[in-house]
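One structure below.
The values are calculated or read from the model by the stated rules, or taken from the named source; none is laboratory data. Everything quoted here is computed from the prediction, not taken from an experiment. Here the Cβ positions follow ideal geometry from the backbone for every residue, glycine too, while neighbour counts run over all protein chains shown.
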């Protein structure tokens with residue numbers, strides 16, 4: 001999608017942090033934007049911050065883990081603005097709960113929002129994007145923690161973000177031939193309120209597990225969210241598979257991938273059945289990749 005003017009975006013977690021940066025970047029393109037967020041206080045603040053954009057913004061409260069609510073949000077977005085063209089599954093929680101003592105509630109909460117919320121957005125919105133036939137784009141927020149694993153205190157979060165990355169890569173191969181782009185956003189440290197995630201944990205998933213993150217980590221520092229939002233806009237226009245705007249993380253990601261590659265067997269494969277099967281697998285993947293049109 002090269003011309004975003006007049007198009008419609010739906011952004012979850014859109015009232016603060018990275019989500020608000022996305023919203024502002026889309027508004028700068030002349031888009032109409034639905035700002036969905038679970039926190040009423042953030043929605044109120046965003047309403048004031050974006051007041052000048054008037055009818056180009058629509059605000060709604062949304063728990064992305066609630067499938068019924070997500071479907072209703074899709075209906076509301078269409079009632080207000082008509083066809084949705086860009087879906088940003090951005091909402092997430094930043095749990096820092098040690099894996100070795102985490103409860104089922106800790107796992108269910110984090111995966112239910114960070115992965116389940118993305119799935120809910122796709123199931124509710126994708127059929128609508130395909131139906132209107134005007135093309136579209138899906139942006140799923142993963143993390144640098146979806147490229148390089150975090151230790152125990154970030155393990156559940158990292159699990160959820162690796163899953164989002166895998167989902168997004170497969171979805172991109174699936175939707176390319178149908179005119180829908182998919183981009184995985186993997187932010188590094190960005191100014192946000194993600195450390196306040198426990199405020200929105202539902203009582204049914206309450207837990208006494210203590211926050212295990214090192215003291216002073218992930219403070220309100222890092223990249224300006226709007227700078228990241230502008231990078232996403234560029235990626236949508238180019239149909240990029242990833243947004244990796246945090247260059248300071250490049251070396252650690254390279255080291256992680258190099259380590260993975262080092263574990264591959266170097267023994268030559270001579271079994272014709274294995275070689276033929278691999279050839280067919282590679283052909284299938286390459287054909288899907290060839291359908292991706294990039295600027």
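Some observations on this one:
- Looking across 143, 152, one residue alone is buried (at least 24 other Cβ atoms within 10 Å of the Cβ), closer than 24 Å to residue 249 by Cα and in contact (Cβ under 8 Å) with a residue 12 or more places away in the chain. It is 143.
Matching residues to (1) in a loop (DSSP other than H, G, I, E, B); (2) modelled with pLDDT under 80; (3) within 30 Å of residue 5 (Cα to Cα):
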position: 157; (1), (2), (3): no, no, no
position: 169; (1), (2), (3): no, no, yes
position: 174; (1), (2), (3): no, no, yes
position: 184; (1), (2), (3): no, no, yes
position: 188; (1), (2), (3): yes, no, yes
position: 198; (1), (2), (3): no, yes, no
position: 210; (1), (2), (3): yes, yes, no
position: 217; (1), (2), (3): yes, yes, no
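- Any hit, the range 223-246, residues being loosely packed, with under 11 Cβ neighbours inside 10 Å and either under 24 Å from residue 138 (Cα atoms) or at pLDDT 95 or above (or both): no
- Taken as a whole, the condition of being surrounded by fewer than 22 Cβ atoms within 10 Å (Cβ to Cβ) and either under 21 Å from the mean Cα position of the chain (by Cα) or farther than 29 Å from residue 109 by Cβ (or both) does not apply to residue 37.
- Filter result for the condition that a residue is under 22 Å from residue 184 (Cα atoms) and buried (at least 16 other Cβ atoms within 10 Å of the Cβ), over 97, 111: 111
- Qualifying residue in the range 44-60 (condition: modelled with pLDDT of 95 or more, surrounded by fewer than 24 Cβ atoms within 10 Å (Cβ to Cβ) and under 24 Å from residue 144 (Cα atoms)): no
- Residue check for residue 100: within 21 Å of residue 150 (Cα to Cα), in a helix (DSSP H, G or I) and over 19 Å from the mean Cα position of the chain (by Cα): no
- So residue 250, is it closer than 30 Å to residue 23 by Cβ, without any contact (Cβ under 8 Å) to a residue 24 or more places away in the chain, surrounded by 13 or more Cβ atoms within 10 Å (Cβ to Cβ) and out of contact with any helix residue (DSSP H, G or I) (no Cβ under 9 Å at 6 or more places or on another chain): no
- Selection status of residue 91, farther than 18 Å from residue 201 by Cβ and either assigned to a helix (DSSP H, G or I) or touching a strand residue (DSSP E or B) at 6+ places or on another chain (Cβ under 8 Å) (or both): no
- Residue ID - nearest to the chain's Cα centre (by Cα), chosen from residues in the range 177-189 that are buried (at least 20 other Cβ atoms within 10 Å of the Cβ) and closer than 14 Å to residue 129 by Cα: 182
- Residue 105 vs. criteria farther than 24 Å from residue 10 by Cα and not in a loop (DSSP other than H, G, I, E, B): yes
- Residue check, residue 288 within 26 Å of residue 144 (Cα to Cα), surrounded by 11 or more Cβ atoms within 10 Å (Cβ to Cβ), at pLDDT below 90 and out of contact with any strand residue (DSSP E or B) (no Cβ under 8 Å at 6 or more places or on another chain): yes
- Those residues of the range 5-37 which are touching a residue at least 60 places away in the same chain (Cβ under 8 Å), outside any helix (DSSP H, G or I) and touching a helix residue (DSSP H, G or I) at 6+ places or on another chain (Cβ under 7 Å), in sequence order: 8, 9, 10, 11, 12, 13, 14, 16, 29
- Scanning the range 65-76 for residues that are more than 10 Å from residue 124 (Cβ to Cβ) and touching a strand residue (DSSP E or B) at 6+ places or on another chain (Cβ under 9 Å) yields one hit, 76.
- Condition met for residue 83 (over 26 Å from residue 166 (Cα atoms) and part of a loop (DSSP other than H, G, I, E, B)): yes
- Counting the residues of the range 77-94 that are within 14 Å of the chain's Cα centre (by Cα), under 21 Å from residue 171 (Cα atoms) and surrounded by fewer than 24 Cβ atoms within 10 Å (Cβ to Cβ) gives 0.
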